[in-house]
Amino acid sequence: MEIIIKKDYHRMCGEAVKLIHQSWQKKKDLVLGLATGKTPLGVYEGLIRLYREREMDFSEISAFSLDEYLGIPDEHPQSFAFYMQQNFFQHVNFKNENIFRLDGLPDDIEAHCYEYEEKIRMTGGIDIQILGIGRNGHIGFNEPSSSLSSRTRVKTLTQETIAANTPFFLDKKQIPRYCLTMGIGTIMESRMILLLASGQEKSHAIRQSIEGPITATIPASILQLHVQAKIIVDEEAAGQLERKSYYRWVYEHKDNVDDFLADKKTK
Ligand code: GLP
């Protein structure tokens, strides 16, 4: 796990954009896993900017959505499909056939989840999964107590999530009670994971995920077992980390290994 602490939200998103851009330069048909929420918005803005500046092209990139509410159509303004369309897809040149979403109104939930996993496999697996984090340490919609090896499936939303969603639904009958989410096992198969967290309200979850034990009670703590997980946080989200100065030290020195060795060899 690599802990990257940036001064503010803007720089935090810039780091994620840089890593995605570097990966794309090496692999034009990158497979991305994409999260919703307010945290990754700056990442999508940064990628859109690269596209407009002709620094990046999305025509060969595939995208998989991380989760979706069950029971609302794609065109509903609160659906994650709508969010992705509005905040990212419509601004860049993804090919429609390369965009994969979980369907909020599937005919057969189990078959749909199974097929989604198959599609991820068929594209060769997710290269970079972008994640936010819930205040309780959840990733995707894998709430505390989710199996750490779970696959894409239906989940029951917590009472807190339902309460938080209530203001966004004019028609209260439409407030989702269930969702579909990639499982923790699915997420862990991604080659690289970029988890972003901003603000003091995420600092406790970040501390527990990075410095606490691996536990289903804090789903993001499983990332301690991933060899390419990068936790990118701003100062506020890093606020409760005990080993903050060590993480900074490692980040500042990690690119100097070759120079260090070359220097030793010439002596
Ligand atoms: C929801 C989403 C998560 C997201 C989380 C945090 O639960 N399912 O994918 O990470 O919210 O959202 P935000 O970034 O708005 O704090």
*asked:* Yes or no: segment 67-87 includes at least one residue that is of a type in the set (Phe, Trp, Tyr), more than 18 Å from residue 165 (Cα to Cα) and within 14 Å of the ligand (Cβ to nearest atom).
replied: no
*Could you please find all residues in segment 207-245 being part of a loop (DSSP other than H, G, I, E, B) and aliphatic (A, V, I, L, M)?*
214, 216, 227, 237, 238, 241
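A quick yes/no check of all residues on (1) surrounded by 15 or more Cβ atoms within 10 Å (Cβ to Cβ); (2) touching a residue at least 12 places away in the same chain (Cβ under 8 Å); (3) farther than 17 Å from residue 2 by Cβ:
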position	(1), (2), (3)
239	yes, yes, yes
249	no, no, no
258	no, no, yes
263	no, no, yes
267	no, no, yes
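Condition check ((1) at pLDDT 95 or above; (2) over 24 Å from residue 192 (Cα atoms); (3) among the aromatic types (Phe, Trp, Tyr); (4) surrounded by fewer than 16 Cβ atoms within 10 Å (Cβ to Cβ)) across all residues:
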| residue | (1), (2), (3), (4) |
| --- | --- |
| 55 | yes, no, no, yes |
| 63 | yes, no, no, no |
| 68 | yes, no, no, no |
| 95 | yes, no, no, yes |
| 100 | yes, no, yes, no |
| 135 | no, no, no, yes |
*asked:* With the requirement that a residue be of a type in the set (Gly, Ala, Ser) and surrounded by fewer than 20 Cβ atoms within 10 Å (Cβ to Cβ), what does segment 70-84 give you?
replied: 71
*Would you point out which residue out of 110, 75, 45 is modelled with pLDDT under 95 and more than 25 Å from residue 226 (Cβ to Cβ)?*
75
*Name every residue in segment 1-30 that is in contact (Cβ under 8 Å) with a residue 40 or more places away in the chain, assigned to a helix (DSSP H, G or I) and basic (Lys, Arg), in order of residue number.*
11
*Identify, from the list 46, 37, 42, 33, the residue that is within 16 Å of the ligand (Cβ to nearest atom) and assigned to a loop (DSSP other than H, G, I, E, B).*
37
*In segment 15-40, what count of residues is obtained for those that are in contact with a helix residue (DSSP H, G or I) (Cβ under 6 Å, 6 or more places away or on another chain) and within 27 Å of residue 135 (Cα to Cα)?*
3
*Looking at residue 125, is it in contact with a helix residue (DSSP H, G or I) (Cβ under 7 Å, 6 or more places away or on another chain) and among the small types (Gly, Ala, Ser)?*
no
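Please enumerate the residues belonging to segment 130-163 that are away from the ligand (no atom under 11 Å from the Cβ) and outside any helix (DSSP H, G or I).
144, 145, 146, 147, 148, 149, 150, 151, 152, 153, 154, 156, listed by residue number.
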*Report yes if some residue within segment 95-118 is in a helix (DSSP H, G or I), within 16 Å of the ligand (Cβ to nearest atom), without any contact (Cβ under 8 Å) to a residue 12 or more places away in the chain and over 17 Å from the mean Cα position of the chain (by Cα); otherwise report no.*
no
*Answer yes if at least one residue in segment 164-180 is of a type in the set (Lys, Arg), within 15 Å of the ligand (Cβ to nearest atom) and outside any helix (DSSP H, G or I), and no otherwise.*
yes
*Pair list, Cβ under 7 Å, 6 or more apart: segment 199-217 residue closer than 19 Å to residue 150 by Cβ, other residue away from the ligand (no atom under 16 Å from the Cβ) and not hydrophobic (A, V, I, L, M, F, W, C)*: 214/224; 216/147
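The values are calculated or read from the model by the stated rules, or taken from the named source; none is laboratory data. Model, not experiment: these values are computed from the prediction. Don't worry about glycine lacking a Cβ; one is built from the backbone with ideal geometry, like all the others, and counts go over all protein chains shown.
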